[in-house]
Amino acid sequence: MNKRIILIGMVAALGLTAKAQHNHDHGHHHDHDTTVVEKEKQLEGIVVRSKNGIRRMVGAVNGVSIHKEELFKAACCNLGESFTNNPAVDVSYTDAATGAKQIKLLGLSGTYVQMLTSSLPNFRGVAAPYALGYVPGPWMSGIQVSKGSSSVKNGYESITGQINVEYQKPGEPETTEINLFGDSKSRLEANATSNLHFNDKLSANLLLHYEKSMKEHDDNDDYFMDKPQVEQFNAQSHWLWNGEYYIMHAGLGLLKEDRKSGQMDDAPLTTYNFPYEINIETNRYEGYMKHAFILDHHNGTNIALLASASMQEQDAKYGLKEYYVNEKNAYASLVFETTFKHIHSLSAGLSLNHDYLGQRVRTHVPFTSSSEHKPETNFDIDEKETVPGVYAQYTLNLSHKFTAMAGIRADHSNIHGTFVTPRFHVKYMPNDLLSLRLSAGKGYRTVHPYAEFNYLMASGRELVVDDLNQEEAWNYGISGALNIPIGEKLLKINAEYYYTNFEEQAVMDMDTYTKDGMPQVHITNLDGKSYSHTFQIDATYPIIEGLTVTAAYRMNDVKCTYGGELMTKPLTSKYKGLLTASYKTPNGKWQFDGTLQLNGGGRMPKPYKMVDTGEWSWDEEFDAFEQVSAQITRWFDKWSIYIGGENLTNFKQKNPIINGNDPWSGYFDSTMIWGPIHERMFYAGVRIKL
């Protein structure tokens with residue numbers, strides 16, 4: 001398929017749609033799709049409800065809210081598969097051997113996106129590489145994606161944005177829902193959610209999930225698994241007490257996951273007389289409580305105490321390497337909020353965050369005369385950081401036409417000292433057809449390199465980690481949304497530009513080599529410039545009753561200084577085009593959804609010559625590629641069935657795992673991922689509501 005023709009077609013569709021729509025809903029009500037804005041008592045803030053599955057967020061912060069209707073348009077087995085139809089968020093593999101994934105927002109990796117669940121910080125440190133698989137799709141009632149520096153209420157770590165996952169709430173109607181799923185790659189899943197109301201104030205729910213990969217897959221015959229075999233059990237329970245002057249949310253969760261990969265059973269052995277195996281065992285426990293004391297209903301005056309805690313234990317073996325970590329996090333926040341004369345709002349509070357990571361790194365080399373192992377690398381790392389903080393945030397809302405939000409917080413780290421985080425957002429909406437936003441803010445992040453990037457140990461590259469500074473970056477954004485009435489319909493157009501500039505950054509340099517020419521990955525402090533420019537335009541239009549089309553185009557200019565040279569960030573597409581169509585029949589019984597993605601090419605890390613073959617490891621650039629996915633859903637009274645396919649163009653990297661036939665070699669590399677690593681996949685499932 002000619003990439004230029006596809007791109008021209010998508011831009012033409014965007015321009016056509018541009019004649020008719022302007023996303024006026026870019027931040028407000030008066031949406032002609034029967035949008036209702038309501039303030040929930042349960043500390044969840046402002047939400048937008050509508051017939052469609054995606055809506056612009058209300059308020060000064062730019063973002064979108066993805067509802068369950070949108071999640072139903074694809075398989076959406078977990079959080080990582082929930083952004084198929086979202087032009088702003090990319091999800092890609094960072095390592096083919098372990099299945100580690102990351103979100104990219106504003107052209108930068110997911111470490112710069114603050115992850116929240118139920119509006120509380122979550123999935124830090126060692127959880128980051130696999131957290132996108134820790135939230136099953138059927139558990140979610142919605143996802144809010146905010147871009148830029150966001151609010152100071154949730155901390156200082158948001159640099160490119162926040163992603164907040166809302167689980168199914170216990171206060172929803174008493175139902176039990178079951179979701180069963182299977183795909184052609186032998187993955188089976190079962191999910192169940194159930195709500196129970198004890199009385200008019202107390203309710204609870206139970207969320208259960210089980211998945212298992214039944215077979216090994218090696219499509220390119222290199223005797224190395226193309227995808228890890230994962231078995232996961234996941235359970236959570238949430239509780240709600242909804243009184244007139246006191247509201248309580250609480251929840252507990254546990255997860256157990258076994259992740260296995262490596263050489264196939266019939267692989268010819270090379271260096272040692274045993275195969276290269278990857279085993280990652282994870283046990284995770286988490287809980288939270290949110291207490292709200294309502295002092296004045298009329299002015300929304302309340303005091304809230306929020307707290308969460310998690311512990312994740314991961315025991316990973318990558319061939320002869322071992323990495324063990326026991327990570328514990330505790331977070332608490334005391335918040336006061338009030339509104340004056342329905343125009344002025346104030347939020348102020350105290351926070352405390354504590355991280356502890358007890359880590360053990362080992363490398364073993366077998367004796368040739370016995371089966372015992374002699375440790376070659378042996379070190380322990382204990383990382384502890386405690387950060388108390390204070391913040392204040394003021395919002396001015398003038399009849400929803402002008403909204404300004406200014407926030408500042410000060411935090412003190414026992415490692416990095418005191419730092420101040422200012423953030424500012426403004427929205428101007430002169431009428432129901434146009435809204436404009438501006439934002440500026442700072443963000444900070446403490447890096448835990450071995451925990452966050454432990455998947456790098458699966459490859460043969462030498463891993464070198466320097467003593468890292470705290471990351472520090474400014475983010476600036478401007479966006480506009482326009483609604484253009486065309487007959488009785490609205491053409492919605494949104495355009496935005498964001499600039500992120502790093503003053504301090506932990507740089508993952510994959511362009512370095514050892515003295516004898518072996519590939520290396522060096523995580524070091526930024527010495528020079530590092531920035532990201534992102535421009536995006538998207539448009540949505542309901543062509544006929546039941547049929548909605550969205551077209552989007554995004555450009556990325558992401559550069560960083562590697563070894564004293566300012567270069568384009570590797571493995572990052574220069575642009576992305578997206579075209580989605582969703583049609584639901586008038587009787588609501590059938591639904592058809594399709595998505596076309598065009599991902600632009602980009603730079604690869606510097607290639608090297610393989611000693612044994614004399615061939616170059618990979619090309620200096622990767623080409624653009626397209627992907628198509630589609631799903632058909634049949635709705636019944638209390639249940640629905642769905643079938644679909646992903647990567648229907650069947651495009652994949654020829655060798656996503658470099659030198660997979662000799663994983664003991666220093667040339668073995670599973671991190672050079674720029675595109676799909678699996679062939680086309682078909683799936684089917686059923687949703688049942690009792």
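The values are calculated or read from the model by the stated rules, or taken from the named source; none is laboratory data. As the structure is a prediction and not an experimental result, all values here were calculated from the model. All Cβ positions, glycine included, derive from the backbone under ideal geometry; neighbour counts span all protein chains shown. For accessibility, only protein heavy atoms count, side chains too; no ligands or nucleic acids. Shrake-Rupley method; radii C 1.70, N 1.55, O 1.52, S 1.80 Å.
Using beta carbons and a limit of 9 Å, which pairs, at least six apart or on different chains, have the first residue in the stretch 674-690 and farther than 21 Å from Lys73 by Cα and the second one in a strand (DSSP E or B) and among the polar types (S, T, N, Q)?
Matching pairs, first to second residue: Trp674/Ser92; Trp674/Asn599; Gly675/Ser92; Gly675/Asn599; Gly675/Gln627; Leu690/Thr176; Leu690/Ser194.
Taking the criterion of being open to solvent by 50 Å² or more (accessible area, probe 1.4 Å), closer than 17 Å to Met681 by Cα and part of a strand (DSSP E or B), would at least one residue in the stretch 634-652 satisfy it?
Yes.
Tell me which residues, restricted to the stretch 625-663, are among the acidic types (Asp, Glu) and more than 19 Å from Gly600 (Cβ to Cβ).
Asp637, Glu646, Asp662
Could you grab me the full set of residues in the stretch 657-690 that are closer than 23 Å to Asp623 by Cα, open to solvent by 40 Å² or more (accessible area, probe 1.4 Å) and among the charged types (D, E, K, R)?
Glu679, Arg680, listed by residue number.
Pull up the stretch 268-298, narrow it to residues that are aliphatic (A, V, I, L, M) and without any contact (Cβ under 8 Å) to a residue 60 or more places away in the chain, then point me to the one that is surrounded by the fewest Cβ atoms within 10 Å (Cβ to Cβ).
Filtering first and then ranking leaves Leu269.
Could you check the stretch 231-251 and list, in sequence order, the residues that are exposed (fewer than 14 other Cβ atoms within 10 Å of the Cβ) and in a strand (DSSP E or B)?
The answer is Tyr246, and nothing else.
Filter the stretch 188-216 down to the residues that are of a type outside the set (Asp, Glu), within 25 Å of Ser459 (Cα to Cα) and buried (at least 16 other Cβ atoms within 10 Å of the Cβ) and list them by number.
Hit for the stretch 188-216 is Ser213, nothing else.
Phe592 passes all but one of (1) open to solvent by 10 Å² or more (accessible area, probe 1.4 Å); (2) of a type in the set (Phe, Trp, Tyr); (3) at pLDDT 95 or above; (4) touching a Gly at 6+ places or on another chain (Cβ under 7 Å); which number fails?
In the conditions (1) open to solvent by 10 Å² or more (accessible area, probe 1.4 Å); (2) of a type in the set (Phe, Trp, Tyr); (3) at pLDDT 95 or above; (4) touching a Gly at 6+ places or on another chain (Cβ under 7 Å), Phe592 misses (4) alone.
Looking at Lys328, Lys374, can you tell me which residue is of a type in the set (D, E, K, R), open to solvent by 40 Å² or more (accessible area, probe 1.4 Å) and at pLDDT below 95?
Lys374
Test each condition in (1) modelled with pLDDT of 95 or more; (2) open to solvent by 40 Å² or more (accessible area, probe 1.4 Å); (3) of a type in the set (A, V, I, L, M, F, W, C) for Leu357 and report the one that comes out false.
Going through the list (1) modelled with pLDDT of 95 or more; (2) open to solvent by 40 Å² or more (accessible area, probe 1.4 Å); (3) of a type in the set (A, V, I, L, M, F, W, C), Leu357 breaks only (2).
Looking at the structure I just gave you, is Ala473 closer than 30 Å to Lys606 by Cβ, touching a Phe, Trp or Tyr at 6+ places or on another chain (Cβ under 6 Å) and either free of Cβ contacts under 8 Å to residues at least 12 places away in the same chain or among the hydrophobic types (A, V, I, L, M, F, W, C) (or both)?
yes
Does Gly137 satisfy the criteria of being touching a helix residue (DSSP H, G or I) at 6+ places or on another chain (Cβ under 7 Å), within 24 Å of Arg55 (Cα to Cα) and surrounded by fewer than 24 Cβ atoms within 10 Å (Cβ to Cβ)?
It is true that Gly137 is touching a helix residue (DSSP H, G or I) at 6+ places or on another chain (Cβ under 7 Å), within 24 Å of Arg55 (Cα to Cα) and surrounded by fewer than 24 Cβ atoms within 10 Å (Cβ to Cβ).
Could you please tell me which pairs satisfy a Cβ distance under 6 Å, a separation of 6+ or placement on different chains, a first residue in the stretch 348-367 that is under 19 Å from Gly125 (Cα atoms), and a second residue that is surrounded by fewer than 18 Cβ atoms within 10 Å (Cβ to Cβ) and among the small types (Gly, Ala, Ser)?
Leu352/Ala332; His354/Ala330
Show the residue pairs that are 6+ apart or on different chains and have beta-carbon atoms under 6 Å apart, the first residue being within the stretch 180-204 and touching a residue at least 40 places away in the same chain (Cβ under 8 Å) and over 17 Å from Ala75 (Cα atoms), the second being polar (S, T, N, Q) and surrounded by fewer than 19 Cβ atoms within 10 Å (Cβ to Cβ).
As it stands, the answer is Lys201/Asn242, since those pairs meet every condition given.
Between residues in the stretch 395-424 that are farther than 20 Å from Ile478 by Cβ and residues that are open to solvent by less than 20 Å² (accessible area, probe 1.4 Å) and among the small types (Gly, Ala, Ser), which pairs lie under 6 Å by C-beta distance while being six or more apart or on different chains?
Qualifying pairs under 6 Å: Arg409/Gly389; Asp411/Gly389.
Confirm whether Phe224 is open to solvent by less than 20 Å² (accessible area, probe 1.4 Å), more than 21 Å from Tyr285 (Cα to Cα) and not acidic (Asp, Glu).
So Phe224 passes the test.
Picking from Asn655, Asn556, Asn587, which residue would you name as being in a strand (DSSP E or B), farther than 23 Å from Cys76 by Cα and of a type outside the set (A, V, I, L, M, F, W, C)?
Asn556
For Tyr608, work out the one condition from (1) buried (at least 18 other Cβ atoms within 10 Å of the Cβ); (2) touching a Ser or Thr at 6+ places or on another chain (Cβ under 7 Å) it doesn't fulfil.
Going through the list (1) buried (at least 18 other Cβ atoms within 10 Å of the Cβ); (2) touching a Ser or Thr at 6+ places or on another chain (Cβ under 7 Å), Tyr608 breaks only (1).
Could you check how many residues of the stretch 149-174 are crowded, with 23+ Cβ neighbours inside 10 Å and within 22 Å of Gly349 (Cα to Cα)?
Of the residues in the stretch 149-174, 12 are crowded, with 23+ Cβ neighbours inside 10 Å and within 22 Å of Gly349 (Cα to Cα).
Among the strands (runs of 3 or more DSSP E) contained in the stretch 440-531, which hold 2 or more residues that are charged (D, E, K, R) and crowded, with 16+ Cβ neighbours inside 10 Å?
The strands (runs of 3 or more DSSP E) meeting that bar are 471-486, 489-504, 506-513.
Look through Met457, Met429 and report the one residue that is over 24 Å from Thr534 (Cβ atoms) and hydrophobic (A, V, I, L, M, F, W, C).
Met457
Please count how many residues of the stretch 331-354 are open to solvent by 50 Å² or more (accessible area, probe 1.4 Å) and over 18 Å from Ser118 (Cβ atoms).
10
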